């Protein structure tokens, strides 16, 4: 019974990830079928703009290799060209430029209808209309239907059948953390010695905690790490319901049991599935590419200092693309003055960031 809850969560996690690509393929085939049914009996297929947008939106994310296997109405290159044109049109600002004649610009209402439909796949046209009425905008269901069709967005019953992986993760972010090891070669008087670094990352906030650094990890060391992580006062796993780890045998029974005492479920990922622990893998790549590959650690203490400096930079000074290019925990509010921009640095200039001085 103790294994049932984490096993169910793992099955749900893996199934959601594995079915994402499959769902994308199924949605594209459904789109092809809808377009084909609209042209039954026609001697030649002449696609409307809405049909091109629909095929591009469903087929573009699949990539050329999968489209070669699946696309039957048009060539994969055509679908990808439509997709690139759709992406380019999204960021095309020529329509907003001033020129002769009446200035043409995309309607804010149309943009809002498309955004609201994509943000809420299960909302039908009636609910969308009600949401707009609450915002003081009166739109008919036929108008909403026409806007969505023109932008290649399927009706709500079809849109709401699947949940995106991004939405699934965001719904559980507050209760999920991930842990992982990475190795660093440290220069000592006896030569190069391999050290293991264990860290925990909060999937929602990207806060990273170094759980420990050791030359040789064993059961006793891992047990002490588990006690530290679940400490009632300062443990980084306080309030976390599940900890995602890989298949490393160091996450042994005692480690798992100590986590369970603090109501933290250990979730083991399938073998060779780094995408399921993408946040932890991303941090490892960042700390190595931006820091460790440019430093020769001179002993364990120096290694700890270097990693501690990077963690602080990662937390309060570095922007994160996955968080819309914001700093997770900035040390101060952004300066909106016209003061001069100054360069700050850590580790002798290896890590840099910029800020404005107060005017």
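The values are calculated or read from the model by the stated rules, or taken from the named source; none is laboratory data. Model, not experiment: these values are computed from the prediction. Positions of Cβ are generated from backbone atoms using ideal geometry, with glycine treated the same way; all protein chains shown enter the neighbour counts.
What the table shows:
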quantity: Criterion violated by residue 68 - all others in (1) at pLDDT below 70; (2) part of a helix (DSSP H, G or I); (3) surrounded by fewer than 17 Cβ atoms within 10 Å (Cβ to Cβ); (4) in contact with a helix residue (DSSP H, G or I) (Cβ under 8 Å, 6 or more places away or on another chain) satisfied; calculated: (1)
quantity: Region 176-193 residues that are within 30 Å of residue 265 (Cα to Cα), paired with ones that are surrounded by fewer than 14 Cβ atoms within 10 Å (Cβ to Cβ) (beta carbon under 6 Å, 6 or more apart); calculated: 183/194
quantity: Qualifying positions in region 264-292 - under 21 Å from residue 345 (Cα atoms) and without any contact (Cβ under 8 Å) to a residue 24 or more places away in the chain; calculated: 285, 289
quantity: Unmet requirement for residue 276, which otherwise passes all of (1) in contact with a strand residue (DSSP E or B) (Cβ under 7 Å, 6 or more places away or on another chain); (2) modelled with pLDDT under 90; calculated: (1)
quantity: Every residue from region 41-65 that is assigned to a loop (DSSP other than H, G, I, E, B) and within 19 Å of residue 154 (Cβ to Cβ); calculated: 47, 48
quantity: Residue among 147, 79 that alone is at pLDDT 75 or above, in a helix (DSSP H, G or I), closer than 18 Å to residue 35 by Cα and in the same structural domain as residue 23 (by TED's automatic domain parsing); calculated: 147
quantity: Residues of region 262-282 that turn out to be in contact with a helix residue (DSSP H, G or I) (Cβ under 9 Å, 6 or more places away or on another chain), part of a helix (DSSP H, G or I) and surrounded by fewer than 19 Cβ atoms within 10 Å (Cβ to Cβ), as a count; calculated: 4
quantity: Test: residue in region 104-123 that is surrounded by fewer than 14 Cβ atoms within 10 Å (Cβ to Cβ), at pLDDT below 70 and farther than 24 Å from residue 142 by Cβ; calculated: no
quantity: Residues within region 243-261 that are out of contact with any helix residue (DSSP H, G or I) (no Cβ under 8 Å at 6 or more places or on another chain), over 24 Å from residue 204 (Cα atoms) and not in a loop (DSSP other than H, G, I, E, B), tallied; calculated: 2
quantity: When residues of region 202-228 are limited to those that are free of Cβ contacts under 8 Å to residues at least 24 places away in the same chain and touching a helix residue (DSSP H, G or I) at 6+ places or on another chain (Cβ under 7 Å), the one surrounded by the fewest Cβ atoms within 10 Å (Cβ to Cβ); calculated: 214
quantity: Residues being without any contact (Cβ under 8 Å) to a residue 60 or more places away in the chain and surrounded by 16 or more Cβ atoms within 10 Å (Cβ to Cβ) - total across region 229-250; calculated: 4
quantity: Tally of residues being within 26 Å of residue 52 (Cα to Cα) and surrounded by 15 or more Cβ atoms within 10 Å (Cβ to Cβ) across region 130-144; calculated: 3
quantity: Members of region 175-205 that are touching a strand residue (DSSP E or B) at 6+ places or on another chain (Cβ under 6 Å) and outside any strand (DSSP E or B); calculated: 203
